[in-house]
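Taking it in order: structure first as structure tokens, then the write-up.
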């Protein structure tokens, strides 16, 4: 058993956390040194570049059988066949990011609607809960 | 760099100013150039008739020396300004029909409907009164947040009498500063003039149907805006 579950390795999917591409995922294709890796994300518009490990976060996803320094075109193919982007979008983490983005893009009226709908939801849930409590205690 | 001893000279012997600059500096344009005027007259006269008397005059005119004197105070002729006071430019986000959030005054936080821009540049808005209690009023665009939500107000008619003059305050009564005023005598509650009530109703009746058709929209206009924890207005979309 290793202490760490996410390792810096070729094929590891990372999330960019800094810069204008922050929020997109890329794949480690090579390791430069202890602090830097080469990442490439052809399906997400992330060009191949050296990224500092302090500016990316490792995810749980690792690509299978990825050779070192794979070319961009081959990597793109591999990402599509291994359905890496779909895997990422399924994670709670990606969903949370997506919600955050949609929330930020809401207009004033949209925010009001969300507030009203949440109120309605709470009302229904509370009513059901109260009814259930009554039946269970009786 | 050459040291100039004289203010008006670039280097000794060379004037700093051109001929025309000197002309304007000395205010020579204020001096009527008699010779030129005379020449003009005489050439016209010479054209019309070539009598010897005219020749005499011409000689006189040509030999006449211009006056050595000119006014000591060269009166500055101010330039005629061609600037005109333009119409206040509205922010791009402000379009008739858009819903605004008022930021200052008695109705701060209220969401209102923007009707049109008045001549003074101020915005004419209405609550509508029946929905949120905001009457027809003028606001400065600096004190509103424009939201992207629009109410269709095409075809709405706002009578011409609702202009800047319409919103001016009535002159105070003569009681001001007297003892009676201080003790609140005669301070009857001001009643809204009936014509303003009628105007309000007329404007509102035209848009209220479109608002109440959408239940969310009408309750949105009823509610007031406020920031909650963690909300930064400059990072929010409206």
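Derivation of every value follows stated rules applied to the coordinates shown; laboratory data play no part. Please read these numbers as outputs of a predicted model, since none were measured by experiment. Don't worry about glycine lacking a Cβ; one is built from the backbone with ideal geometry, like all the others, and counts go over all protein chains shown.
In plain terms, the residue of A:80, B:158 with the fewest other Cβ atoms within 10 Å comes first and the most crowded comes last, giving A:80, B:158. Less than 20 Å from a label point 7 Å out along the Cα-to-Cβ axis of residue A:64: which backbone N atoms in segment A:90-111 qualify, by residue? Residues passing the 20 Å test: A:90-91.
To the nearest 10 degrees, how steeply does helix A:72-81 sit against the main Cα axis of chain A, on a 0 to 90 scale? Helix A:72-81 and the main axis of chain A meet at about 40 degrees.
For the peptides A:110-121, B:225-236, B:209-220, residues were scored by their other Cβ atoms within 10 Å and the scores averaged per peptide; the highest-first order is B:209-220, A:110-121, B:225-236. Once both labels are positioned 7 Å from their Cα atoms along Cα-to-Cβ, the gap between residue B:57 and residue A:131 label points is 11.6 nm. So if we plug the beta-carbon distance of residue A:116 and residue B:83 into 1/(1 + (r/R0)^6) with R0 = 56 Å, what FRET efficiency do we get, rounded to 0.05? With R0 = 56 Å, the Cβ-Cβ based efficiency is 0.65. Each residue of segment A:1-105 gets 116 Å³ once the volume of the Cα convex hull is shared out per residue.
The modelled label-to-label distance for the pair residue A:57/residue B:7, using points 7 Å beyond Cα in the direction of Cβ, is 7.2 nm. Each peptide in A:90-102, A:10-22 gets a packing score, the mean of other Cβ atoms within 10 Å over its residues, and the list from highest to lowest is A:10-22, A:90-102.
The slack between residue B:65 and residue B:161, meaning 0.36 nm per residue of separation minus the straight C-alpha distance, is 27.9 nm. Pairs of Cα atoms nearer than 8 Å and 6+ residues apart set the relative contact order; for chain B it is 15 percent. Pair-distance distribution P(r) for the protein assembly as shown, from all Cα-Cα distances in 10 Å bins starting at 0: 4, 13, 12, 11, 12, 12, 12, 11, 7, 4, 2, 1, 0, 0 percent. Taking the longest Cα principal axis of chain B as reference, the axis of helix B:194-212 is set at about 70 degrees.
Once segment B:115-163 is represented by equal point scatterers at the alpha-carbon sites, with solvent omitted, what log10 I(q)/I(0) does the Debye formula produce at q = 0.18, 0.19, 0.20, 0.23 Å⁻¹? The calculated log intensity ratios at q = 0.18, 0.19, 0.20, 0.23 Å⁻¹ are -0.64, -0.72, -0.80, -1.07. The ranking of B:129, B:17 from fewest to most other beta carbons within 10 Å of each one's beta carbon is B:17, B:129. Scattering from segment B:184-238 was approximated by placing one identical point on each alpha carbon and applying the Debye formula without solvent; log10 I(q)/I(0) at 0.12, 0.24, 0.31 1/Å stands at -0.60, -0.97, -1.13. Relative contact order for chain A: 18 percent, from Cα pairs under 8 Å spaced at least 6 residues apart, divided by residue count.
Just the number: Rg to Rh for chain B, Cα atoms, Kirkwood Rh, two decimals. With Rg and the Kirkwood Rh in hand, the quotient comes to 1.37. Length gained on full extension, residue B:75 to residue B:237, computed as 0.36 nm times the residue gap minus the Cα-Cα distance: 52.5 nm.
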